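A quick write-up on the structure given underneath.
The values are calculated or read from the model by the stated rules, or taken from the named source; none is laboratory data. Everything numeric here is computed off the predicted structure, so don't read it as measured data. Ideal geometry is used to build each Cβ from the backbone, glycine not excepted, and the neighbour counts take in all protein chains shown.
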Amino acid sequence: MKLNALQESNINKSRMSRTLIYIVLFVFVIYYLLPLYVMMINSFKHLDDIRSGGMLNLPSIWTLDPWKSAWSSAQIGIDPSGLKPYLWNSILMVVPAVFISTVLGSLNGYVLTKWQFRGHGVVFGLLLLACFIPFQVVLIPMAKILGLLGLAGTTSGLILVHVVYGLGFTTLFFRNYYAAFPTEIVKAAQIDGAGFFRIFWRVLLPSSGPIIVVTVIWQFTNIWNDFLFGASFADFDSIPMTIALNNLVNSSTGVKEYNVHFAGAILAALPTLIVYIVSGRYFVRGLMAGAVKG
Amino acid sequence: MASLTISDLYKSFGAVEVLKGIDLSIEDGGFLVLVGPSGCGKSTLLNTIAGLEEITSGEIMIGDNSVAGLHPSKRNIAMVFQSYALYPNMTVSQNISFGMEMQGIDKDERSKAVDKVADTLQISELLDRKPSQLSGGQRQRVAMGRAIVREPEVFLFDEPLSNLDAKLRIDMRTEIKRLHQRLGSTIIYVTHDQIEAMTLATKIAVLKDGCIQQYGSPYEIYNNPSNMFVANFMGAPSMNLIEGQVKKVGNSIEFQMTSSSGENVSLPVSDVKGLESYIDKLVVCGIRPEAITDLELLTNNSNSEVVEKELLVDVVEPAGSDTFAILELGGKQVVARLNGNSRVSAGEKIKLIFNLSQTVFFDKKTEERIR
C-alpha cells in the first residue's frame, strides 16, 4: 500500500513537470513564430490597413497585390522589375556553388580519412582554419583574385567565392563522417579490384546520405543568405536575392511599402524554408550521426 | 591453390619497426595460423601479404611468383576481415559479386557463381538482404562467400571469429575447418586466440614484437615450446612455469622446488643434457597442467616416466570435465588437472602424479629452452 502511494505521487510529480515543460515550450513556440506571423499577416494587407496600426490584427481586406508587386513590379534600384530576376540570379549562383562545394568536400573527406598521405593532418587543420576566417578579411584579396581571373562581377565569380569559402565546412562534415566509416570496407573493395573513384562512387557515396543532406542544407542556407559577398562582388546582372531585397527595403525615395517589403522578405526566405521542411528530419539525423560517431 | 613463401620480411612505419625479418613458408593446401598477443605485428604481416601495406624489404612469393608491387586485386588472394567489411549499401549477392563485376565478368556468369557459393554456405535465402538485416554469423558467412567466389590461390583471414559470441565462434571454427578440408586451399589465418590456432592449423607461427618465436605444427608448439613466451601463450590453462634449482644427487640430476609449506619437492631429470651446465643454478621448469594429475587420469602410457608427490591444494576449480587444483610451488601458482569426478577440497593434501616425459626446462635469463 505504502509503495503504491509512493508510486502515485511519483506519477503525479512527473505529470506536473511534463505539463510545465509543455507550457514553457508553447510560450517559446509563440515567441519564435510571432515575427513570421506578423510578416505573413501584413503582407496580405493594404498599405492603409498597416498604417492604421494593429500589427497583430488580421487584414480587414485580404489582398495579393503586395506579393505581385514584390515579385514582378516593385522598384529595385533603378529597375521596376520586382524580385523575380534576382531569384533566378540566386538560384544560378547557389545551385552550382552548393553542388561543387559538396562534391569537393566529400572527395576531401574521403582522401583525408581513407587515403591518408604524409601531412594530411596539417592540410585538414588549414582547411578547418578556413571556417574561422571572418568574411571581411578576405574581401580585398578575393576581389583582387577575381579581377585577375577575369571573374569580377560575374555569377561564376560568386560561385568560386562561395565554393572556396564553403570548402572548409564541407570537408569538416565529410571527414568526420568518413572517419567513422570502417576502413576495412575500403580495403575489401581494393582487394575486389575497385580503384580510387570506383570505391568512392560505389561504396562510400551510397552510404553518405545523411551527411550529404546536412552539407547541402548548410551550404544552401549559408550561400542563399549571404549578403556581404553578394554586395561586394556582384554586378548588375548577377545581384542575388538578398541584395535585391535590401535594395527594395532600403530605397530612400517614395513611400515605404511595408506590405511589399514583408512579402519580399518572405519570398527571399522561402527557398531555405522549403529546403528545411523537405529534408529537416534528415538534417537532424545527420547531425546526430556526426555527433555520436564523429 | 599455391604455396606461400615469405623471406626476410621487414616492415616499418616511420621509425617504428613492426616486422623484423619474418621467414615463413606454407605448403600448398596448408593452414597457417599466425598467433600472438595484440600489437605483435600479425595483422600487419597479413596486410603485407594482401598488398594492403607496402613492405620495407624482403620478399613474398605466392606460388612461384613474387608479388612485389602487385596491386591487392592482382595477387590472387581473398581476405576475410574481422569486421566482415561487407558493403553496407549492397545486397548480399551484390556483395559477393562485386569483385567479379570489377573484373568485368558478365551478369549471367556472375549470378551463376553467386548461386553456387550461396549454396555451399547455405545463404541462398539471404541473397536479397542488406548486411544490416543479417546476424553476426550470417555476415560472417557472406564475408566468406565473397572470398570463396574469387577462387583465390590463398585465403587470408584476419581474426574472423573475434566478433562472434562464444558459442557461434566454436560453430564457425568447425565450419572454417570443414571449408578448408573441402576446398583444399591454402589459408593464412590471424588470431590471438590460441585455441583457434591449435584446432585449425596445420602450421602455427607464434609472433611477438615482430619476430617469429616459433614455427611448427600445433603438436610441436604445444609439446616442445622453444621459449617461455610460447610455453606461456599456448594452451589454456597455460603451462606452469616453476622456478627451481638444478641439483646433482649422486649420479643423477634433480630439479628442486619449494612447496608452500616450505618443504623441498624434487623431480628427477633424465634426458635433458643441457641441464648439466646449470647445476646449482636457478632454472624454470615448464609443465603442462595435464602432466600434473591424479591417478585416475593418468593414461597408461608405459614409456611415460612418472613420480608421485603429496602436495597441499590451495584452491579447487571444478570445470565439469576436469577439476583444476591450484597449488603453490617454487613461489608460483601451479595448476594441476584432475579428474572431473575428483572429490578434492581446498586445504587438503593429495597425491599428484608428475609426468616427467612432458616437462621442459628454460634458462631463467634468456627464457630460451634448455635441451
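If A:R202 passes every condition in (1) modelled with pLDDT of 85 or more; (2) not in a helix (DSSP H, G or I) but one, which one does it miss?
(2)
In the stretch A:145-193, which residue that is of a type in the set (F, W, Y) and within 14 Å of chain B (Cβ to nearest Cβ) is surrounded by the fewest Cβ atoms within 10 Å (Cβ to Cβ)?
Ranking the candidates gives A:F181 first.
Consider the stretch B:11-55. How many of its residues are of a type in the set (V, I, T) and within 13 Å of B:E159 (Cα to Cα)? Spell out how you get there, then give the answer.
Narrowing the stretch B:11-55 to residues of a type in the set (V, I, T): B:16, B:18, B:22, B:26, B:33, B:35, B:44, B:48-49, B:55.
Those left that are additionally within 13 Å of B:E159 (Cα to Cα): B:33, B:35, B:44.
Matching residues across the stretch B:11-55 total 3.
Step by step: first the residues of the stretch A:32-48, then only those that are aromatic (F, W, Y) and surrounded by fewer than 19 Cβ atoms within 10 Å (Cβ to Cβ), then the one that is farthest from A:K256 (Cα to Cα). Which residue is that?
A:Y32
Condition first: outside any helix (DSSP H, G or I) and farther than 17 Å from B:A78 by Cα. Now tell me which residues in the stretch A:180-199 satisfy that.
A:A180, A:F181, A:P182
Quick test of your reading of the structure: A:H261 fulfils all but one of (1) surrounded by fewer than 20 Cβ atoms within 10 Å (Cβ to Cβ); (2) over 30 Å from B:N89 (Cα atoms); (3) out of contact with any Gly (no Cβ under 8 Å at 6 or more places or on another chain). Name the failing condition by number.
Unmet for A:H261, out of (1) surrounded by fewer than 20 Cβ atoms within 10 Å (Cβ to Cβ); (2) over 30 Å from B:N89 (Cα atoms); (3) out of contact with any Gly (no Cβ under 8 Å at 6 or more places or on another chain): (1).
From the list B:M90, B:M172, exactly one residue is buried (at least 17 other Cβ atoms within 10 Å of the Cβ), out of contact with any strand residue (DSSP E or B) (no Cβ under 8 Å at 6 or more places or on another chain), within 14 Å of chain A (Cβ to nearest Cβ) and among the aliphatic types (A, V, I, L, M). Which is it? Step through it out loud before you land on a result.
Working: B:M172 fails: within 14 Å of chain A (Cβ to nearest Cβ).
Just a single option satisfies the conditions, and that option is B:M90.
Which of the following residues is farther than 24 Å from A:A269 by Cβ and at pLDDT 80 or above: A:S60, A:S81, A:S69?
Criteria check complete, one pass: A:S60.
With respect to B:F98, determine if the residue is within 30 Å of B:M61 (Cβ to Cβ), facing chain A (nearest Cβ under 8 Å) and touching a helix residue (DSSP H, G or I) at 6+ places or on another chain (Cβ under 6 Å).
Answer is no for this residue.
So, of the residues in the stretch B:103-120 that are surrounded by fewer than 17 Cβ atoms within 10 Å (Cβ to Cβ) and in a helix (DSSP H, G or I), which turns out to be farthest from the other protein chains (Cβ to nearest Cβ)?
Result: B:D119.
Is the stretch B:346-359 home to any residue that is of a type in the set (S, T, Y), modelled with pLDDT under 85 and out of contact with any His (no Cβ under 6 Å at 6 or more places or on another chain)?
Yes.
Tally time: how many residues in the stretch B:51-73 are within 14 Å of another protein chain (Cβ to nearest Cβ) and under 25 Å from the mean Cα position of the chain (by Cα)?
At the first step, the residues of the stretch B:51-73 found to be within 14 Å of another protein chain (Cβ to nearest Cβ) are B:51-54, B:62, B:67, B:70-73.
So of that shortlist, the ones also under 25 Å from the mean Cα position of the chain (by Cα) come out as B:51-53, B:62.
Qualifying residue count for the region: 4.
Please tell me if B:I123 is within 14 Å of chain A (Cβ to nearest Cβ) and crowded, with 20+ Cβ neighbours inside 10 Å.
no
For residues that are in contact with a His (Cβ under 8 Å, 6 or more places away or on another chain) and assigned to a helix (DSSP H, G or I), scanning just the stretch A:223-243, find the one that is nearest to the other protein chains (Cβ to nearest Cβ).
In this case the residue turns out to be A:I223.
Only residues that are in a loop (DSSP other than H, G, I, E, B), among the aliphatic types (A, V, I, L, M) and without any contact (Cβ under 8 Å) to a residue 40 or more places away in the chain: list them for the stretch B:140-175, please.
B:L161, B:L164
A quick yes/no check of all residues on (1) more than 11 Å from chain A (Cβ to nearest Cβ); (2) under 30 Å from B:G136 (Cβ atoms); (3) buried (at least 23 other Cβ atoms within 10 Å of the Cβ); (4) free of Cβ contacts under 8 Å to residues at least 12 places away in the same chain:
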| site | (1), (2), (3), (4) |
| --- | --- |
| B:F13 | yes, no, no, yes |
| B:V18 | yes, yes, no, no |
| B:I22 | yes, no, yes, no |
| B:E27 | yes, no, no, no |
| B:G36 | yes, yes, yes, no |
| B:K42 | yes, yes, yes, no |
| B:L45 | yes, yes, yes, no |
| B:I49 | yes, yes, yes, no |
| B:R75 | no, yes, no, no |
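I need a count of the residues in the stretch A:194-220 that are of a type outside the set (A, V, I, L, M) and more than 10 Å from chain B (Cβ to nearest Cβ). Before the answer, list the steps.
Applying the first criterion (of a type outside the set (A, V, I, L, M)) to the stretch A:194-220 yields A:195-198, A:200-202, A:206-210, A:215, A:218-220.
Then keep just the ones that are more than 10 Å from chain B (Cβ to nearest Cβ); that gives A:196-197, A:200-201, A:210, A:215, A:218-220.
The total comes to 9.
Answer yes or no: is there a residue in the stretch A:66-77 that is aliphatic (A, V, I, L, M) and in a helix (DSSP H, G or I).
yes
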